[in-house]
Amino acid sequence: MLKRLYHLALIIAIVLMGVMVVSAQDSAILIVAPDGQFSTIEAALEVAETGATIEVHGGSYEAPLMIEKSVTLIGIDNPVIDGGGEGTIVIISADDAVFRGFTIRNTGQNNSHEDSGIVVEAERVIIEDNLLENVLFGIYFANAHDSVARNNIVRGYDIDLARRGDGMRVWFSHNMLLENNDISSSRDMLIWYADDITIINNRFYNNRYGLHFMYSNNAYIEGNQFMNNSVGTYLMYSNGLRVIGNNLSYNRGPSGYGLALKDMDGVVANDNWFIGNRAGLYIDNSPSLYEGYNEFYNNAFAYNDIGIAAQPHIVRNHFYSNAFLENAQQASTRGRGTLQANSWSIEGVGNYWSDYAGYDADENLIGDMPYRAEGLFEDLADTYPELRFFIYSPAAQAVDMAASAFPSLRPEPKLIDDAPLITIPLPDAAILLQTQSESSLLFPSLLLILFGTLPFWSLFYQRYQSLKIGTKGLVS
């Protein structure tokens, strides 16, 4: 009898403990709503324990909001936190906080105060699924190591470019993940003194610099759209960056670079599209270390004013298996000098040049003559950029014709590719098809690239047919 009573008491105790656990979990979810358990977010934060979840239901809530506890705030039915045009709206200073599903709008416009939509001053914070509109600075991470910004939309104020703040800034924050964010109408996406950053599948358009890197090492940049900015991506004073499978197109500000490198070492850029920029790639003093080199392969430079522009003193950049398609000028030096101290073929593999006039008699898909960039008019335009106005004129053609007729007029080649490709290596076109509506010129550009290569495929087919007919004749 005592044994049965003991077992019964034990069962009752276990059931009561389960009820207590469930009750504790239920009590950890605090509800904020205009007519709910709490009417303000601050009231819920005041009683919340570490690890609690606060659900904020639709409505408009006052700013500024200070989050000083490690809690999860989840917006339900699009709650709005409105700054009323003054100061910073949300400040998170607690580690392991989560902020998800809110609309943040109307920061102040004081650049010296860096008025922001969201400021994160803690580690391992997750900012995701938020809409920020009419903000000076968007999301600002400061000493926020191991944090995440994912699926956020940032729209800056519609003001002069010089007066805007950064759509997203990462400062002294290492090991960050920035994924699938959409940022426009801002100044820069700025990464500053922050190592081991992963930037994937974001969209940056209608900004000054789509991405601006300084003093930040070992970053991974993949699958992003950098379009319709003044400069797509400017990487400076860093090393060990991977730039893979990005779309850097129609960046046409005063500089208008798709990708620019300044004092960069150990950069690997592959499978990127550079379409319709003033200059697809710009290189200045990169690599900066004697023992280093940068590597560029399987990229497409198409319909840019200049495919690659570089300072004439740069050395030890490796280019191979890239496609240079119908750029107004394939390569340019900013000043006197050449680019021959760089490698334009690696292990017998060079690049495809749409203006290559050679042939492939041995049919190994490598041109039998080197590609030489030595146009006299282009050489003059490098020294006197104002001459580019005449680039398609009869005058430009006459200058180049004179150089071909009189070798003494021919300039030293800017570059020599000893193994030019006959076939066209193109990156995966899928990255071009993920584009926002603001970039409506991309699809026509892709068609131009595809149809522009039709003459090659037509000649290839004719060559194949002639070989086939010849083989049949030999057999008969």
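The values are calculated or read from the model by the stated rules, or taken from the named source; none is laboratory data. Keep in mind that what you see is a predicted model, and the values were worked out from it rather than measured. So basically every Cβ, Gly included, is an ideal-geometry build from the backbone, and we count neighbours across all protein chains shown.
Residue count for region 262-285, restricted to those that are of a type in the set (Gly, Ala, Ser), assigned to a loop (DSSP other than H, G, I, E, B) and closer than 25 Å to ASN207 by Cα: 1.
Residue-level check: of (1) assigned to a loop (DSSP other than H, G, I, E, B); (2) modelled with pLDDT of 95 or more, LEU73 misses just (1). Of the strands (runs of 3 or more DSSP E) that lie entirely inside region 220-261, those containing 2 or more residues that are touching a strand residue (DSSP E or B) at 6+ places or on another chain (Cβ under 9 Å), of a type in the set (A, V, I, L, M) and under 18 Å from LEU426 (Cβ atoms) span 242-244. Does TYR297 meet the test of being of a type in the set (Phe, Trp, Tyr), surrounded by fewer than 22 Cβ atoms within 10 Å (Cβ to Cβ) and closer than 16 Å to LEU339 by Cβ? No; evaluated as a whole, the condition is false for this residue.
Scan region 344-369 for residues that are among the hydrophobic types (A, V, I, L, M, F, W, C), part of a loop (DSSP other than H, G, I, E, B) and over 15 Å from VAL315 (Cα atoms) and the total you get is 4. Against the criterion of being at pLDDT below 90, within 16 Å of LEU281 (Cβ to Cβ) and surrounded by fewer than 20 Cβ atoms within 10 Å (Cβ to Cβ), ARG316 does not qualify. Considering region 128-140, the residues that are part of a strand (DSSP E or B) and among the charged types (D, E, K, R) include one that is surrounded by the most Cβ atoms within 10 Å (Cβ to Cβ), namely GLU133.
Scanning region 306-343 for residues that are closer than 16 Å to PHE274 by Cα and assigned to a loop (DSSP other than H, G, I, E, B) yields a total of 5.
The residues in region 141-170 that are assigned to a strand (DSSP E or B) and under 18 Å from the mean Cα position of the chain (by Cα) can be counted, and the count is 9.
Each row is one residue, and each column tells you yes or no for (1) at pLDDT 95 or above; (2) of a type in the set (A, V, I, L, M); (3) within 22 Å of LEU339 (Cβ to Cβ).
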site	(1), (2), (3)
PHE226	yes, no, no
ILE244	yes, yes, no
SER255	no, no, yes
ASP265	yes, no, yes
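Among the residues of region 193-216, those identified as surrounded by fewer than 19 Cβ atoms within 10 Å (Cβ to Cβ) and in contact with a Phe, Trp or Tyr (Cβ under 8 Å, 6 or more places away or on another chain) are TYR193, THR198, ILE200, MET214, TYR215.
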